[in-house]
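Asker: Quick one: this structure, given as structure tokens, is what I'll be asking you about.
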Amino acid sequence: MCFVQTGSVARAEGWIFGLILSCQRSAAVAKPRVKRNRRLTLLSHSVKTRIQLDPKTYNNGMLGGFKKVIQNEGAGALLTGVGPTFVGYFLQGAFKFGGYEFFKQQHINFLGYETASNYRTGVYLASSAAAEFFADVALCPLEATRIRLVSQPTFASGLLSGFGKILKNEGVGAFYAGFGPILFKQYVYIPFSLL
């Protein structure tokens, strides 16, 4: 990546391009192979959550987990929580990639082009960290809903009813109970995402 001094229209276009890029990555429309991998990833979230919640029952790894879920609950159980997963990671991607472009430009404006260019790695890391924070704020309520739908299959019928039920019964704070672990998991990934 290089630094280009831009006007406000070009900055907006960069931010919008980041949003579009994230939508393509999150929706997995870029390549057929990626599309297939994303579908498998969406299904694996349900199995992964079951393994974490009940390691004694689901003790044969991912493939064994897939088999056990299908055997015990039917193939449809693999789709439990797919709505919150899709929407959550779509929003996270939009905030992450769009936010990165936004914060990078803010850092350039604050530091000046010359200084920002000399310390571009720091600018990239700070921009990624700021964008990731807001991306995780958007993701966390949907992850909380997904985990509740998987861990308590009779809790709600899907994303909207589950989200609404958590909000009504437990308040906004319930959505952010897992914010720290999500944030820590994502921040560890940031330096590698720049490679």
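Asker: Hey, can you tell me all the residues within region 144-189 that are surrounded by 13 or more Cβ atoms within 10 Å (Cβ to Cβ), farther than 24 Å from PHE97 by Cα and small (Gly, Ala, Ser)?
Answerer: SER151, ALA156, GLY158, SER161, GLY162, ALA174
Asker: Name the residue that is farthest from LEU149 (Cα to Cα), counting only residues in region 62-92 that are in a helix (DSSP H, G or I) and of a type in the set (Val, Ile, Thr).
Answerer: For region 62-92, the residue satisfying everything is ILE70.
Asker: Ok, one more. Give the residues of region 119-143 that are aliphatic (A, V, I, L, M) and out of contact with any Gly (no Cβ under 6 Å at 6 or more places or on another chain), sorted by residue number.
Answerer: Of everything in region 119-143, those that are aliphatic (A, V, I, L, M) and out of contact with any Gly (no Cβ under 6 Å at 6 or more places or on another chain) turn out to be VAL123, LEU125, ALA126, ALA129, ALA130, ALA135, VAL137, ALA138.
Asker: Just to be sure before I move on: is GLY99 within 25 Å of the chain's Cα centre (by Cα), closer than 19 Å to PRO153 by Cα and in a helix (DSSP H, G or I) in the structure I sent?
Answerer: no
Asker: Let me ask something else. Collect the residues in region 59-101 that are within 30 Å of ALA116 (Cβ to Cβ) and among the acidic types (Asp, Glu), keeping them in residue-number order.
Answerer: Answer for region 59-101, where residues must be within 30 Å of ALA116 (Cβ to Cβ) and among the acidic types (Asp, Glu): just GLU101.
Asker: Also, I was wondering about something else. Could you say which residue among GLY122, GLY81, GLY112, GLY98 is within 29 Å of VAL47 (Cβ to Cβ) and small (Gly, Ala, Ser)?
Answerer: Step by step, each of GLY122, GLY81, GLY112, GLY98 is checked, and only GLY81 is within 29 Å of VAL47 (Cβ to Cβ) and small (Gly, Ala, Ser).
Asker: So, one more: Please find, among ALA126, ALA116, ALA77, the residue that is among the small types (Gly, Ala, Ser) and under 20 Å from LYS185 (Cα atoms).
Answerer: Answer to the check: ALA126.
Asker: Here is a further query. For region 127-167, enumerate the residues that are over 30 Å from SER117 (Cα atoms) and hydroxyl-bearing (Ser, Thr, Tyr).
Answerer: Hits for region 127-167 are THR145, SER151, THR154, SER157, SER161.
Asker: Report, by residue number, each residue of region 49-78 that is closer than 23 Å to SER161 by Cβ and surrounded by 14 or more Cβ atoms within 10 Å (Cβ to Cβ).
Answerer: THR49, ARG50, VAL69, GLU73, ALA77, LEU78
We did not get these values from a lab; they are worked out from the coordinates using the rules stated. Quick caveat: nothing in here was measured; it's all calculated off a predicted structure. Cβ: placed from backbone, ideal geometry, glycine included. Neighbour counts: every protein chain shown.
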